[in-house]
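Here's the structure we're looking at; comments come further down.
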Amino acid sequence: MQEAEHGCEVHRVTINGNGRTEGGFPVSAGILFGLGLGGFFDGIVLHQLLQWHHLVTSAGYPPHSVENLKVNTFWDGVFHAGTYVFTMLGLYILWRYSRKNHVRWSGKLLPGTFLMGFGIFNLVEGLINHNLLGLHHVNETVPREQWIYWDIGFLVWGASMLIGGWLLLRAGRRDTAARR
């Protein structure tokens, strides 16, 4: 039994008779997927479909003119490009790791880490963009004094996903260990 480092986490691995390693689930892949999916949800649902805000609507570019919409659309695109990179990195890590390790993982591991990444996205985005920098707020279509309630709800939702994902990850690790 050895420990190997993959991404941000350490996994227990065994080396079988032919020198191949078998080991744990690449948590960083699922978290990166979750970060990407969280960003896609935010950008597609909140920015585009509901049009509650764009990336820099509270940073001096309210969407009341074509010029400001152009600025917001550009920064929304930069934001989407970043979420795309998270998703592709997650896919690459999962692909690379699964080609080397043929362990049957619990079906709870990937959804658990997705939820963790999605929750982390909400917490980081909510704390930094909504609260610290004030670039935008979750729902800018309601009166300004109500923005804080939507921002707090976004953080609670993110924390709930992070905790639920972590619990699912723990359960999945137990299930996977029981299969060996």
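Figures for the structure shown
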read-out	value
Per-region count, segment 118-158, residues of a type in the set (Gly, Ala, Ser) and more than 18 Å from Phe40 (Cβ to Cβ)	2
Residues that are modelled with pLDDT of 90 or more and among the β-branched types (Val, Ile, Thr), drawn from segment 1-52	Val27, Ile31, Ile44, Val45
Hits in segment 128-151 (condition: under 24 Å from Gly30 (Cα atoms) and surrounded by fewer than 13 Cβ atoms within 10 Å (Cβ to Cβ))	Ile128
Count - residues of segment 152-169 that are open to solvent by 50 Å² or more (accessible area, probe 1.4 Å) and closer than 13 Å to Pro111 by Cβ	3
Yes/no for Gly134 being part of a loop (DSSP other than H, G, I, E, B), of a type in the set (Gly, Ala, Ser) and either at negative phi or touching a residue at least 24 places away in the same chain (Cβ under 8 Å) (or both)	yes
Lone unmet requirement of (1) at pLDDT 95 or above; (2) in contact with a helix residue (DSSP H, G or I) (Cβ under 9 Å, 6 or more places away or on another chain) for Tyr149	(2)
Pairs with Cβ under 9 Å, 6+ apart, first in segment 44-63 and open to solvent by 60 Å² or more (accessible area, probe 1.4 Å), second of a type in the set (Ser, Thr, Tyr)	Leu50/Thr141; Gln51/Thr141
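The values are calculated or read from the model by the stated rules, or taken from the named source; none is laboratory data. Keep in mind that what you see is a predicted model, and the values were worked out from it rather than measured. Backbone-built Cβ (ideal geometry, glycine too); neighbour counts: all protein chains shown. What goes into the accessible areas is simple: the full protein's heavy atoms, side chains included, and nothing from ligands, DNA or RNA. Shrake-Rupley method; radii C 1.70, N 1.55, O 1.52, S 1.80 Å.
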